[in-house]
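Engineer: The structure that follows is given in the form of structure tokens.
The values are calculated or read from the model by the stated rules, or taken from the named source; none is laboratory data. Note that the structure is predicted; figures quoted are calculated from it, not measured. Don't worry about glycine lacking a Cβ; one is built from the backbone with ideal geometry, like all the others, and counts go over all protein chains shown. Surface areas here come from the heavy atoms of the whole protein model, side chains and all, with no ligands, DNA or RNA. Shrake-Rupley method; radii C 1.70, N 1.55, O 1.52, S 1.80 Å.
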Amino acid sequence: MIIKIINIEKINFSNISHAQAIENVIRSFGEKKHIIIANKDFFENVITEKNGVFSRILKQSAEEARRAQMEYSSLLKFVNFNVVLDFNIKGKDYLWNQLHDSETLTVGPDFFVDSASVQDALIVCEDVNDSDFYKVIASYYSKKIKANLLNIKFQAINGGGGSTKRIFDRKVNNLEVTLCILDNDKKHPKYPEGGTCKNFNGEAHLKTGRIIVINAHEIESLIPFDLLENILIEDKASVEKIESLDRFRRICSEDQTAKFFFDHKKGLDIKTAFDLDKKYGSYWLPLINKANSDSFSECVNNNECDCDSPCFTIAGFGDSLLTKSTAYINNNNPKNFSPSLTGHLEELWNYIGKSFFSWSCAPAKKVRL
């Protein structure tokens, strides 16, 4: 992530907290974990310090960061989150600030006295495999903004579904800067959010943590159709799976939002669609009727299906779909991965990519933005 340093005139190298915070933050840059943005005088003061407060290696890292300021400062317009280290703040106070679509977490030097505070960014997901696919999306975003030479570094923390809130609470109760990304589990536009989301009570911030709920039933909703097709081909999928993908595509061509309510792992049949629409209002049945042949219309019009087997089914793509998607990308030159994205899916990729990149962007060995 980006750490922006302000109010440097308040810095006192004789203050142990100030000196330790500066050392830890600059070392995090030297270890390629976080990006530092500060006035050039900040770096000059560290580099020219004469009393042995900072080591030669630390001063070299400060010099490297100083030379990179022009390039890294330009990143601020491409991120929606960064930390601000304000030397005017005492103790472990913190403050969230929002400006347009970007936000900052402002803290004082005491926040960085412990070197644990400048390790890789902490990102909690419901399943540890989720973070691998979010990294793919962040890499897509970094390429889009021509920052793909930067590293994407983070510590993935497995929320374990229902225990996600408890694990997140442990982190923020220790005032660790932590991002939590959840999906909403909604199977219908009026379906309630899942239990994991409800545990967060709609909060966007909790202490030093940020909660993002993606506008999708599951992370698999973010897998583009061209990637789905390539996975099925590579797996030598059954005719049923291929036909299911075609049916699903036709439905989404009628309404893009269907991709974000569909259960990609388990699929959907007409009886489930009846149940959902009866309880939450008309949605799935009109889409099924519009997107498919007249052979389904009688059951749809009668609001019931007495067929021995459901007359309309989109088979699920399995519990391993996400790991297969990430593996396919990584095995086929991830740097050249250019998914076909349109409409709502592109909007989601841009938002998630920007957010994940903002939290996990890290210095490259060679600076060129």
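Engineer: Just give me the residues in segment 40-83 being surrounded by fewer than 14 Cβ atoms within 10 Å (Cβ to Cβ), farther than 19 Å from ALA362 by Cβ and touching a helix residue (DSSP H, G or I) at 6+ places or on another chain (Cβ under 9 Å), in sequence order.
Structural biologist: LYS40, ASP41, GLU44, THR48, SER55
Engineer: Shifting gears a bit: Would you confirm whether any residue within segment 264-273 is under 22 Å from THR342 (Cα atoms), among the hydrophobic types (A, V, I, L, M, F, W, C), open to solvent by less than 20 Å² (accessible area, probe 1.4 Å) and out of contact with any strand residue (DSSP E or B) (no Cβ under 7 Å at 6 or more places or on another chain)?
Structural biologist: no
Engineer: Among the listed residues SER297, SER325, SER320, identify the single one that is at pLDDT 80 or above, open to solvent by less than 80 Å² (accessible area, probe 1.4 Å) and in contact with a helix residue (DSSP H, G or I) (Cβ under 7 Å, 6 or more places away or on another chain).
Structural biologist: Details: SER297 fails: at pLDDT 80 or above; SER320 fails: in contact with a helix residue (DSSP H, G or I) (Cβ under 7 Å, 6 or more places away or on another chain).
Criteria check complete, one pass: SER325.
Engineer: Mind listing whichever residues of segment 274-294 are at pLDDT 90 or above and open to solvent by 80 Å² or more (accessible area, probe 1.4 Å)?
Structural biologist: Answer for segment 274-294, where residues must be at pLDDT 90 or above and open to solvent by 80 Å² or more (accessible area, probe 1.4 Å): ASP275, LYS278, LYS279, SER282.
Engineer: Does SER355 count as in contact (Cβ under 8 Å) with a residue 24 or more places away in the chain and within 22 Å of LYS4 (Cα to Cα)? Working first, answer last.
Structural biologist: On the way: in contact (Cβ under 8 Å) with a residue 24 or more places away in the chain: yes; within 22 Å of LYS4 (Cα to Cα): yes.
Yes: the conditions hold for SER355.
Engineer: So which residues in segment 89-142 are without any contact (Cβ under 8 Å) to a residue 24 or more places away in the chain and in contact with a Pro (Cβ under 8 Å, 6 or more places away or on another chain)?
Structural biologist: Hit for segment 89-142 is ILE89, nothing else.
Engineer: Look at segment 345-369 and say how many of its residues are modelled with pLDDT under 95 and open to solvent by 40 Å² or more (accessible area, probe 1.4 Å).
Structural biologist: Summing the residues that are modelled with pLDDT under 95 and open to solvent by 40 Å² or more (accessible area, probe 1.4 Å) in segment 345-369 gives 5.
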